[in-house]
Amino acid sequence: MAKVPEREKLPAFVQDLVEHEEEALTLLSYQNQVVPGLLQTEPYVRATFDSLYPPLDEEQAEEWVSGRISRQKLLERKTPRPMLNFILEEAVLHRPIGSQGLLRAQLRHLRSCAELPFLGLQIMPTARCTHAALDGPLVLLVLLVLLVLLVLLVLLEKPDHEYLAYIEAQRISFLVDDPDQVSVYQQVYGMLRSQALTPEETKSLLDDLLGES
């Protein structure tokens, strides 16, 4: 039997994101329901997919789990090293997807990820009355343009990076590459970073939840 390409193990609506995610120099993510896939433990991944309705069949579930775990190779890439920032709603830290024990292991993994020098983790506190992304999740990507295009872009005096925004809802998604629209999303994310807890405050919050303060 032919081996299924890793990208094809993913839900169809996320495959375009993953194609660009693999090449990202910078990735900025805001999530309001679950831990971002790049930071999920395997048991948390399984519990998340087990929550879907209609339920997945066993073979499809295994493919999706494998595909999501494979995406996490981005965190191991050294050349070029990606720069990552994640903002999570505080409620995500309290929803015991799978079980309380599974959530605790996930929080411990997040605390470990927060120490990575190329990764920023911030929590949006529930106590904040409002913030800039109440209308849903958002991912921003900065990609390095391929060298063959870079020469042309230099000649045309255009930037050598590509900026994308990724918007996802239930089983649908789309990529935004219009510079004006992406610029608006960048402003949204910039405001979110200023409204969320700092990385150090986030580490302290995780320590408190884990009883390690």
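Results, tabulated for the structure shown:
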| read-out | value |
| --- | --- |
| Hey, G120 free of Cβ contacts under 8 Å to residues at least 12 places away in the same chain and either assigned to a helix (DSSP H, G or I) or closer than 16 Å to G37 by Cα (or both) or not | no |
| Residue within region 90-104 that is under 24 Å from L192 (Cβ atoms) and touching a Cys at 6+ places or on another chain (Cβ under 9 Å) present | no |
| Residues of region 23-38 classified as assigned to a strand (DSSP E or B) and either hydroxyl-bearing (S, T, Y) or at pLDDT below 95 (or both), total | 5 |
| Flag if L119 is closer than 18 Å to E200 by Cβ, of a type outside the set (D, E, K, R) and modelled with pLDDT of 95 or more | yes |
| Output for region 63-85, where each listed residue is more than 21 Å from A47 (Cα to Cα) and out of contact with any Asp or Glu (no Cβ under 7 Å at 6 or more places or on another chain) | L75, E76, R77, K78, T79, P80, R81, P82, M83, L84, N85 |
| Filtered residues of region 39-52 (kept if in contact (Cβ under 8 Å) with a residue 24 or more places away in the chain and assigned to a loop (DSSP other than H, G, I, E, B)) | Q40, T41, S51 |
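Residue-by-condition table, conditions (1) surrounded by 15 or more Cβ atoms within 10 Å (Cβ to Cβ); (2) part of a helix (DSSP H, G or I); (3) in contact (Cβ under 8 Å) with a residue 12 or more places away in the chain; (4) among the charged types (D, E, K, R):
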{"position": "P54", "(1), (2), (3), (4)": "no, no, no, no"}
{"position": "V65", "(1), (2), (3), (4)": "yes, yes, yes, no"}
{"position": "R71", "(1), (2), (3), (4)": "yes, yes, yes, yes"}
{"position": "K78", "(1), (2), (3), (4)": "no, no, no, yes"}
{"position": "L84", "(1), (2), (3), (4)": "yes, no, yes, no"}
{"position": "L102", "(1), (2), (3), (4)": "yes, yes, yes, no"}
{"position": "L110", "(1), (2), (3), (4)": "yes, yes, yes, no"}
{"position": "T130", "(1), (2), (3), (4)": "no, no, no, no"}
{"position": "A133", "(1), (2), (3), (4)": "yes, no, yes, no"}
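The values are calculated or read from the model by the stated rules, or taken from the named source; none is laboratory data. This is a predicted model, so every value here is computed, not measured. All Cβ positions, even for glycine, are placed from backbone atoms using ideal geometry, and neighbour counts span all protein chains on display.
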